[in-house]
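Accompanying notes for the structure given below.
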């Protein structure tokens with residue numbers, strides 16, 4: 001393994017435009033690994049914090065944090081009124097499992113899919129009005145950290161972040177995956 005960063009050139013088409021630029025494989029790998037570990041920490045710490053708090057429930061958030069004019073408000077109210085038996089454990093253990101998957105780089109594409117879905121659900125709770133009102137968000141911005149996290153997770157899945165110092169690289173070399181190539185879509 002070389003100690004010198006490998007310089008490569010990316011040649012792609014994006015929105016009908018030809019894109020070409022140089023990049024360092026080493027720094028890309030460090031960046032992807034860092035983003036994966038930071039997102040692992042965010043999910044794992046949030047899930048463990050909820051797990052260790054015996055009074056935690058999503059009910060307070062769903063009832064009190066969703067703005068009055070949110071077009072999806074009735075859905076979130078219904079979640080709080082009749083679905084907490086499912087919502088609470090999915091939230092807690094979902095965050096823990098997503099965090100662990102990202103930490104160990106295992107089934108990363110599955111983890112980032114569900115993590116991005118969770119972040120998009122949180123993002124949807126912040127709308128103050130409907131589409132005709134321009135979908136204003138509670139803090140005044142459409143791009144919130146929930147949306148940023150969802151996009152980071154999308155990127156981690158797109159580049160196969162679990163292959164960088166993760167268990168997904170080993171799993172992809174296993175007989176089970178070689179015999180069932182569709183499993184590669186869950187890894188990476």
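If residue 41 passes every condition in (1) closer than 30 Å to residue 170 by Cβ; (2) surrounded by 15 or more Cβ atoms within 10 Å (Cβ to Cβ); (3) in contact with a helix residue (DSSP H, G or I) (Cβ under 8 Å, 6 or more places away or on another chain) but one, which one does it miss?
Here residue 41 meets the rest and fails (2).
For segment 143-150, state whether one or more residues are surrounded by 18 or more Cβ atoms within 10 Å (Cβ to Cβ), part of a helix (DSSP H, G or I) and at pLDDT 95 or above.
yes
Every residue, every condition in (1) within 21 Å of the chain's Cα centre (by Cα); (2) assigned to a helix (DSSP H, G or I); (3) within 23 Å of residue 154 (Cα to Cα), yes or no:
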position	(1), (2), (3)
12	no, no, yes
28	yes, yes, yes
69	no, no, no
92	yes, yes, yes
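Let me confirm something: among 102, 37, 33, 86, which residue is in a helix (DSSP H, G or I), without any contact (Cβ under 8 Å) to a residue 60 or more places away in the chain and either under 17 Å from residue 149 (Cβ atoms) or within 21 Å of the chain's Cα centre (by Cα) (or both)?
86
Hey, could you check segment 40-67 for residues that are modelled with pLDDT of 90 or more and part of a loop (DSSP other than H, G, I, E, B) and say which is nearest to residue 121 (Cα to Cα)?
58
Based on this model, can you work out whether residue 97 counts as surrounded by 17 or more Cβ atoms within 10 Å (Cβ to Cβ), within 30 Å of residue 30 (Cα to Cα) and modelled with pLDDT of 95 or more?
yes
Against the definition (touching a residue at least 12 places away in the same chain (Cβ under 8 Å), surrounded by fewer than 19 Cβ atoms within 10 Å (Cβ to Cβ), over 19 Å from residue 165 (Cβ atoms) and touching a helix residue (DSSP H, G or I) at 6+ places or on another chain (Cβ under 6 Å)), how does residue 62 come out, yes or no?
In short, no.
Go through segment 105-120 and report how many residues are surrounded by fewer than 21 Cβ atoms within 10 Å (Cβ to Cβ) and part of a loop (DSSP other than H, G, I, E, B).
Matching residues across segment 105-120 total 1.
The values are calculated or read from the model by the stated rules, or taken from the named source; none is laboratory data. Here the structure is a predicted model, which means the values were calculated and not measured. No Cβ is skipped: glycine too gets one built from the backbone with ideal geometry, and neighbour counts run over all protein chains shown.
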